[in-house]
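Down below is the structure, laid out as structure tokens.
The values are calculated or read from the model by the stated rules, or taken from the named source; none is laboratory data. Computed from a prediction, not measured in an experiment: that's the story for all the values here. Cβ atoms come from the backbone with ideal geometry, glycine included; neighbour counts cover every protein chain shown.
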Amino acid sequence: MPLTNLCAENIFAYDDKVREVYSSVAGLDEAGRGPLAGPVVAAAVVLPRDIHIEGLIDSKKTTEKQRRRLFWEINRKALAIGVGIVGAEIIDRINILQATKTAMSIAIGDLGVRLDILLIDAVKLTDIRIRQFSMFKGESVSASIAAASIIAKVVRDDIMCDCHARYPQYNFRSHKGYGTKDHMLRLSQYGPAPMHRKSFRPVSDYSIPEHS
């Protein structure tokens, strides 16, 4: 049965229909492709059959408080969770798309379970020998992908808060590395920090100071 032909009334029903064909299903998503600083983080999540998590949607449509609640509920109910993190230095070396794919591959390996199919948000992995189905805005279609988006987002946000503790002058805790007006102002004042992506503009437009 082609997955493009599946019709379900909600994201949990979609995954249950996929499980009628494939027993072990993992959703895969990332957070952090667009920021000027910090890693790209991918998560892979295997949910059990007939699960329901109240309020589970795309992480970009949730508040921080909602994401925290969902994060811990997913951790309690998921059969397996894998996370992959690729830092700014590697992003600069291999480009953000390849870094995203690398993070996804790491997340799949981190699951530690056999998989029949991957449901992926908007990315095709060519080096993974697992059947996969990539879909546009997959977090709005599949509960597994939505769960992965929550895990990836919370893990990345926590990393950026750690960056803030080391380099508070950049206010990473607030903008999480995205190109906000505040971030641009601080970048112009202090130059790039070690976790800035030097291959991204306008980061590349600024000289790189020495940091201890």
Under the condition of being assigned to a loop (DSSP other than H, G, I, E, B) and surrounded by 14 or more Cβ atoms within 10 Å (Cβ to Cβ), which residue from region 114-126 is modelled with the lowest pLDDT?
ALA122
Tally time: how many residues in region 22-54 are in contact (Cβ under 8 Å) with a residue 40 or more places away in the chain, in a loop (DSSP other than H, G, I, E, B) and on the phi < 0 side of the Ramachandran plot?
12
Report the residue count in region 160-189 for those that are crowded, with 18+ Cβ neighbours inside 10 Å, within 23 Å of GLY84 (Cα to Cα) and in contact with a His (Cβ under 8 Å, 6 or more places away or on another chain).
3
If I filter region 151-159 for residues that are surrounded by fewer than 18 Cβ atoms within 10 Å (Cβ to Cβ) and on the phi < 0 side of the Ramachandran plot, do I get at least one hit?
yes
Please go through region 147-182 and pick out each residue that is in contact with a Phe, Trp or Tyr (Cβ under 7 Å, 6 or more places away or on another chain) and of a type in the set (S, T, N, Q).
GLN169
Only one residue in ARG67, ARG93 is within 22 Å of MET160 (Cα to Cα), within 15 Å of the chain's Cα centre (by Cα) and basic (Lys, Arg). Which one?
ARG67
Does at least one position in region 64-81 carry a residue that is surrounded by fewer than 19 Cβ atoms within 10 Å (Cβ to Cβ), part of a strand (DSSP E or B) and not basic (Lys, Arg)?
yes
